[in-house]
1. Kindly indicate whether any position in segment 180-194 is more than 16 Å from the ligand (Cβ to nearest atom), of a type in the set (S, T, N, Q) and buried (at least 17 other Cβ atoms within 10 Å of the Cβ).
2. Look through segment 27-82, keep the residues that are of a type in the set (Phe, Trp, Tyr) and within 14 Å of the ligand (Cβ to nearest atom), and return whichever of them is nearest to Leu198 (Cα to Cα).
3. List the pairs whose first member sits in segment 139-158 and is surrounded by fewer than 17 Cβ atoms within 10 Å (Cβ to Cβ), whose second member is at pLDDT below 95 and not in a strand (DSSP E or B), and whose Cβ atoms are under 7 Å apart, counting only residues at least 6 apart or on separate chains?
4. Go through (1) open to solvent by less than 60 Å² (accessible area, probe 1.4 Å); (2) assigned to a helix (DSSP H, G or I) for Arg219 and report which single condition fails.
5. Taking into account only those residues within segment 83-92 that are within 7 Å of the ligand (Cβ to nearest atom) and either open to solvent by 50 Å² or more (accessible area, probe 1.4 Å) or in contact with a Ser or Thr (Cβ under 7 Å, 6 or more places away or on another chain) (or both), which is farthest from Phe172 (Cα to Cα)?
6. Give the number of residues within segment 71-117 that are of a type outside the set (D, E, K, R) and without any contact (Cβ under 8 Å) to a residue 24 or more places away in the chain.
7. If you go through segment 63-85 one residue at a time, do you hit one that is touching a strand residue (DSSP E or B) at 6+ places or on another chain (Cβ under 9 Å), of a type in the set (A, V, I, L, M), outside any strand (DSSP E or B) and farther than 26 Å from Ser233 by Cβ?
8. What strands (runs of 3 or more DSSP E) lie completely within segment 123-176 and have 1 or more residues being over 30 Å from Arg57 (Cα atoms)?
Amino acid sequence: MTEDMLAMISHPDPPGFDPLNLDHILCGLKTRWLGRDLRLYTRVGSTNDIARSLAQRGTRNAVILAETQSEGRGRLSRSWESPRGGIWMSLILQPDIPITHAFRINMAVCVAACRAISSLLDIDAGIKWPNDLLINERKVGGILIEIGSDGLHLDYAIVGLGINANIDTSAFPPEWMASSLSYELGQEISLSRLIQRLLLELEEANERIARDEIYQEWRQRSITLGRMVRITSNSGELVGVVEDLADDGAILLRTDGKLVRVLAGDCIHLRGVEGT
Ligand code: BT5
């Protein structure tokens with residue numbers, strides 16, 4: 001008996017729990033190539049770490065899925081809670097873009113995840129800059145992208161995607177403003193079907209990644225645009241209204257009468273759309 005099988009037995013499913021099943025995912029998968037190499041683990045540290053070690057040994061276009069992560073990560077090594085019932089997934093991709101356009105990967109993944117959620121579940125997810133998926137102002141997912149390069153060329157991208165699917169987030173600290181798809185919909189969803197749809201949208205977005213329409217859709221699905229926000233970045237804290245989002249992913253913030261560009265940082269939405 002393998003370690004994974006033992007782990008499965010020692011963590012019996014709660015009633016109504018929809019366990020991840022490789023055959024269920026593969027038999028309804030409509031992608032041409034993404035997800036054809038799909039590896040499912042019961043419990044890992046971080047799917048991004050597994051993906052990275054595979055990528056370093058030459059694996060490409062693989063998808064790593066885990067039922068739980070003990071050391072799930074967000075940006076800046078922040079921890080990411082990953083209990084059973086969520087989708088914790090990392091992809092090893094080779095997007096056809098120059099390394100100077102690596103920010104496009106985040107745009108494409110945000111767009112793909114929003115499309116998958118809204119088309120399958122008929123509920124709108126929006127993008128909170130830079131990498132959060134929100135429904136009703138609450139975080140239901142996050143994206144962590146890690147790049148492999150020789151400094152000049154993009155070798156691979158590890159795309160980590162976490163979605164609180166069938167999760168009770170009431171035990172999470174309230175300041176996280178977290179929620180889950182099951183809570184927002186009032187019912188549990190099929191993990192397999194959402195994974196299939198995510199992979200289809202991710203494959204499609206990866207193919208459109210160099211096109212301007214990915215930026216346009218990312219901008220249009222943003223719920224940060226036009227909002228009063230607080231941005232914390234390396235250069236300190238800024239409060240202002242988000243006047244635009246640039247095609248390199250930067251926020252253009254109107255603060256103290258000046259327009260300031262912020263390429264990376266954390267963002268808190270302070271009020272509704274300007275003036276509300
Ligand atoms: C993110 O980081 O939002 C990216 C999360 C990526 C997770 C995926 S899961 C598969 C893959 N493997 C990994 O190890 N990671 C990726 P960031 O914007 O830094 O947000 C992190 C913050 O979100 C934490 O500091 C908490 O405040 C909050 N948080 C932690 N777990 C959460 C959860 N499950 N739902 C909502 N918020 C959470």
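1. Yes: one or more hits.
2. Tyr41
3. Ile147/Ala102; Ser149/Ile99; Leu152/Ile99; His153/Ile99
4. So the condition that Arg219 fails would be (1).
5. Going through the qualifying residues, I end up with Ser90.
6. Total meeting the criteria: 4.
7. Scanning segment 63-85, I find no residue that is touching a strand residue (DSSP E or B) at 6+ places or on another chain (Cβ under 9 Å), of a type in the set (A, V, I, L, M), outside any strand (DSSP E or B) and farther than 26 Å from Ser233 by Cβ, so the answer is no.
8. 126-128, 132-135, 138-149
The values are calculated or read from the model by the stated rules, or taken from the named source; none is laboratory data. None of these values were measured; they are calculated from a predicted model. Positions of Cβ are backbone-derived with ideal geometry, glycine not excepted, and every protein chain shown enters the neighbour counts. We work out accessible area using only protein heavy atoms, side chains counted, and drop any ligands, DNA or RNA first. Shrake-Rupley method; radii C 1.70, N 1.55, O 1.52, S 1.80 Å.
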